[in-house]
Amino acid sequence: MLIKAWLAGIFLGLLSLGANAELRQFEMTIEEVEVEVAPGFKAKVWGFNGQVPGPLLHVKEGDDVEVVVHNNTTLNHTVHWHGVYQTNSWRMDGVPDVTQLGIEPGESFTYRFVADKAGSLFYHCHVNTAEHIDLRGMWGPLIVEPKEPIELEKEVTKDAIIFVSTWASAVAQDYGENGLPHRILDYSSVNGKSHPGNQPLRVKEGDVLRLRLFAPTSPMSFHLHGHDVLVTHKDGSPLASPYYADVVPVQPGERYDAIVKMNNPGIWMVHDHIEANTTAAGKEGAGSMLVVEYEGIEKPDFYMWKDINYEPDFYMSESLKKPFGLHNIEAFKGKAEESRRRRR
């Protein structure tokens with residue numbers, strides 16, 4: 001009887017995944033572009049759709065996902081869908097020489113899988129990860145909305161995606177170089193930009209903010225002043241016992257969801273508590289930092305972002321409100337080198 005009940009549960013679960021499933025078809029390119037991480041520091045990257053982070057892919061649990069990837073660069077790449085179980089689709093896991101051959105320059109590959117795990121996932125290249133992920137910006141968010149969100153998720157009024165990453169300026173201009181074994185990671189960034197070249201995160205009093213924290217390349221230690229955060233999910237899955245935290249450590253490849261009630265109006269610092277990450281080539285007050293601004297708070301004249309040209313989608317908050325799909329973010333776009341533009 002127990003075995004029959006167990007099998008019945010699996011069958012019902014599979015039926016549930018398939019119910020109301022949609023086919024989501026996307027196309028992505030991989031481009032050789034240059035991004036400005038900080039004033040005076042530019043890095044050559046392989047950008048998905050020419051941007052770092054790559055475009056937001058937003059689907060629903062159980063959806064059939066098809067992504068055609070075109071390699072417009074000079075080296076091989078793949079795409080690994082980090083966190084997706086790939087049930088009955090192991091050949092779509094994106095590992096070169098294990099599940100597929102690398103996508104050759106000028107070639108394409110079509111990935112097909114079911115979004116069988118909900119939550120904050122991401123995608124990245126799996127070729128020479130010490131360079132392609134660590135130094136060339138080959139990562140982006142895959143957000144899979146659960147069919148049955150937990151009660152805490154239902155209270156959320158605003159989402160923000162935060163990728164903290166590090167860079168090595170010594171090899172930033174040299175495709176095919178990863179700087180190992182003695183490289184120095186001397187720049188850090190939030191969504192590809194070193195503070196203060198990134199953006200404030202604007203909220204309203206009464207918002208319930210979900211922070212989706214990603215560490216694709218290096219460890220981070222997330223700290224928001226003036227608030228505790230409620231950690232609700234680890235690597236996409238809801239925690240049986242959510243917990244409050246002042247500092248949230250995140251290891252490479254991990255994701256944490258943290259929900260915070262915005263009930264303390266002000267202008268608040270957010271920073272990495274790994275102190276080396278709050279510098280840019282040794283300059284303090286830079287790197288993986290940002291500011292949370294409450295609406296209605298008067299900004300002092302000395303405030304660095306008093307008159308900033310504001311980009312409301314820098315944390316993908318606006319794109320996450322849109323219908324399911326692929327969403328490019330203009331603020332993340334790199335620039336093609338002049339020689340490559342002429343060749344095309």
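Summary table below
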| item | result |
| --- | --- |
| Per-residue [θ]222 nm for the chain (sum of -39500 (n - 2.57) over DSSP H runs n ≥ 4, rounded to 500) | -2500 deg cm²/dmol |
| Antiparallel DSSP beta bridges within the range 23-148, as percent of all bridges there, nearest 5 | 65 percent |
| Per principal axis, descending, Cα span of the chain in whole Å | 69, 53, 35 |
| Amide H within-cut-off set for residue 85, under 5 Å, with H built and near neighbours excluded | 116, 117 |
| Of 120, 51, 62, farthest towards positive along the dipole that unit charges on Lys, Arg, Asp, Glu beta carbons give the range 23-148 | 120 |
| Percentage, to the nearest whole number, of Cα pairs in the range 81-143 over 13 Å apart | 66 percent |
| The range 235-248 - phi-based ³J(HN,Hα) in whole Hz, Karplus 6.51/-1.76/1.60, Gly and Pro as x | 6, x, 9, x, 7, 5, 9, x, 9, 7, 8, 8, 10, 10 |
| Check: the range 249-344 dipole with +1 on Lys, Arg Cβ and -1 on Asp, Glu Cβ, in debye | 780 debye |
| J(HN,Hα) series, the range 297-307, from Karplus relation 6.51 cos²θ - 1.76 cosθ + 1.60, nearest Hz, glycine and proline x | 8, 5, 8, x, 4, 7, 5, 4, 10, 4, 10 |
| Ranked packing of 104-114, 210-220, 193-203, most packed first, by mean Cβ within 10 Å | 210-220, 193-203, 104-114 |
| Only Lys, Arg (+1) and Asp, Glu (-1) charged, at Cβ; the range 200-267 dipole about Cα centre in debye | 180 debye |
| Residue 336 long-range amide H proximity, modeled H, under 5 Å | 34 |
| Whole-Hz ³J(HN,Hα) from phi, Karplus 6.51 cos²θ - 1.76 cosθ + 1.60, for the range 92-103, glycine and proline x | 9, 6, x, 9, x, 6, 10, 10, 6, 7, x, 6 |
| The chain, dipole about Cα centre (Lys/Arg Cβ +1, Asp/Glu Cβ -1), debye to the nearest 20 | 440 debye |
| Filter on 204/322; 234/299; 261/335 - keep pairs with C-alpha separation over 31 Å | 234/299; 261/335 |
| Of all DSSP beta bridges in the chain, antiparallel share, percent nearest 5 | 75 percent |
| C-alpha center-to-center spacing [the range 144-195, the range 105-133] in angstrom | 15 Å |
| Neighbourhood charge, 14 Å Cβ-Cβ cut-off, centred on residue 287 and excluding it, Lys, Arg +1 and Asp, Glu -1 | -2 |
| Highest to lowest packing among 33-45, 87-99, scored as the average C-beta count within 10 Å | 33-45, 87-99 |
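Any read-out appearing in this document is the output of simple, stated calculations on the displayed coordinates, not a laboratory observation. Note that the coordinates shown come from a computational prediction; the quantities given were computed from them, not determined experimentally. We place every Cβ from the backbone using ideal geometry, glycine too, and count neighbours over all the protein chains shown.
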